[in-house]
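Here's the structure we're looking at; comments come further down.
The values are calculated or read from the model by the stated rules, or taken from the named source; none is laboratory data. This structure is a prediction, so every number in the text was calculated from the model and none was measured. Backbone-built Cβ (ideal geometry, glycine too); neighbour counts: all protein chains shown. Only protein heavy atoms, including side chains, enter the accessible area calculation; ligands, DNA and RNA are left aside. Shrake-Rupley method; radii C 1.70, N 1.55, O 1.52, S 1.80 Å.
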Amino acid sequence: MPENIKPTINILDNIRIVLVETSHTGNVGSAARAMKTMGLSQLYLVNPLVKPDSHSIAMAAGASEIIENAKLVNSLDQAIEGCHLVIGTSARSRTLSWPMLQPNESGTILVKSAHQAPVALVFGRERVGLTNEELQKCHYHVMIAANPAYSSLNLAMAVQILSYEIRQAYLTEVSETNSSSIMPLSEDEHYPLAEDLERFYQHLEQILVKTEFIRTTNPGPIMGRLRRLFTRARPESQELNILRGILSSIDAATKASKITK
């Protein structure tokens, strides 16, 4: 490829649908069908209790290639590796509130962010959803405003609703830019990948333990609240590098102080 030609990506192919520990193979098939109707194809299955089978294929109803090409991984960290935006679905409010999006807002930000790098929309277990720890790995949470008297949505229904919002945001963008389905990579903003953020949080916790700001045996809610703080701020890659540099300088100063004592 000539150097003056920029690489292009299919925006919808840069959006991952992640299902965590599904218990019913039929739901996986129905979710794949919901994805294909909206032009999505990247399915990640995190430690499914039962691997996709003939029932999944039957329920996919013509979207069997999404099942066949699904990536099976052992952890959420593996599913969101390489992503610079992760949105988690939540059916209820949590003790520690997180930046929330409406379904249409989630579609818009996913499509916009997919220009730069892969993004992920994460769905939890059929019965209990995502754990608090898993939700804290997400930049935003999205909740579907269902009937409060009966808010139980089937997994595939939730995938369908949010995939539709992605599709609408995508079509709006294509219409406004008078462009085709192949979009150029964006160079406007550069956000760190999910694994880079996790390394930052691990580094931050190590320093806070070393300076005795928190205790390993009883860290309390501090790390969760710090995750929320940085999630709201959403530092760019260069800003995250500055923060890592600050932590490294604190670490060096702490070691030097111990040596001189």
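When only C-alpha pairs under 8 Å and at least 6 residues apart count, what is the relative contact order of the chain, in percent?
Result for the chain is 23 percent.
For residue 175 and residue 226 in the same chain, what is the full-extension length gain: residue separation times 0.36 nm, less their Cα-Cα distance, in nm? Working shown, then result.
Values: separation 51, 0.36 × 51 = 18.36 nm, distance 3.93 nm.
Going from the current span to full extension adds 14.4 nm.
Determine the calculated [θ] at 222 nm for the chain from helices alone, applying -39500 (n - 2.57) to every DSSP H run no shorter than 4 residues and normalising by the residue count; nearest 500 deg cm²/dmol.
Calculated at 222 nm, the ellipticity per residue is -14500 deg cm²/dmol.
What angle do you read, to the nearest 10 degrees and between 0 and 90, between the alpha-carbon axis of helix 222-233 and the longest principal axis of the chain?
60
Counting only protein heavy atoms and a 1.4 Å probe, tell me what percentage of the chain's accessible area is made up of carbon and sulfur.
Details: 7310 of 14130 Å².
About 52 percent, which is the carbon plus sulfur part of the accessible surface.
On a C-alpha basis, how far is the centre of the range 99-120 from the centre of the range 199-221 in Å? Whole number, if you could?
31
With every protein chain left in place, what is the accessible area of residue 36 in Å² (1.4 Å probe, nearest 10)?
90
Report Rg(Cα)/(2.2 N^0.38 Å) for the chain, keeping two decimals.
Here the answer is 1.11, to two decimals.
I'd like the accessible area for residue 237: 1.4 Å probe, protein heavy atoms, all chains in place, Å² to the nearest 10.
Its heavy atoms expose roughly 40 Å² to the probe.
Once R0 is set to 25 Å, what does the formula 1/(1 + (r/R0)^6) return for the Cβ-Cβ distance between residue 50 and residue 81, expressed as a FRET efficiency to the nearest 0.05?
For residue 50 and residue 81, the calculated efficiency is 0.55.
Charges only on Cβ, +1 for Lys and Arg, -1 for Asp and Glu: so what's the dipole of the chain about the Cα centre, in debye to the nearest 20?
Value, rounded to 20: 960 debye.
Write down the accessible area per residue of the chain in Å², having rolled a 1.4 Å probe over the full set of protein chains.
54
What FRET efficiency, computed as 1/(1 + (r/R0)^6) with R0 = 22 Å and r the Cβ-Cβ distance, is obtained for residue 97 and residue 149, rounded to the nearest 0.05?
According to the calculation, E is roughly 0.40.
Modelled label-to-label distance, residue 74 and residue 213, 7 Å Cα→beta-carbon offset: nm?
Calculated label separation equals 3.3 nm.
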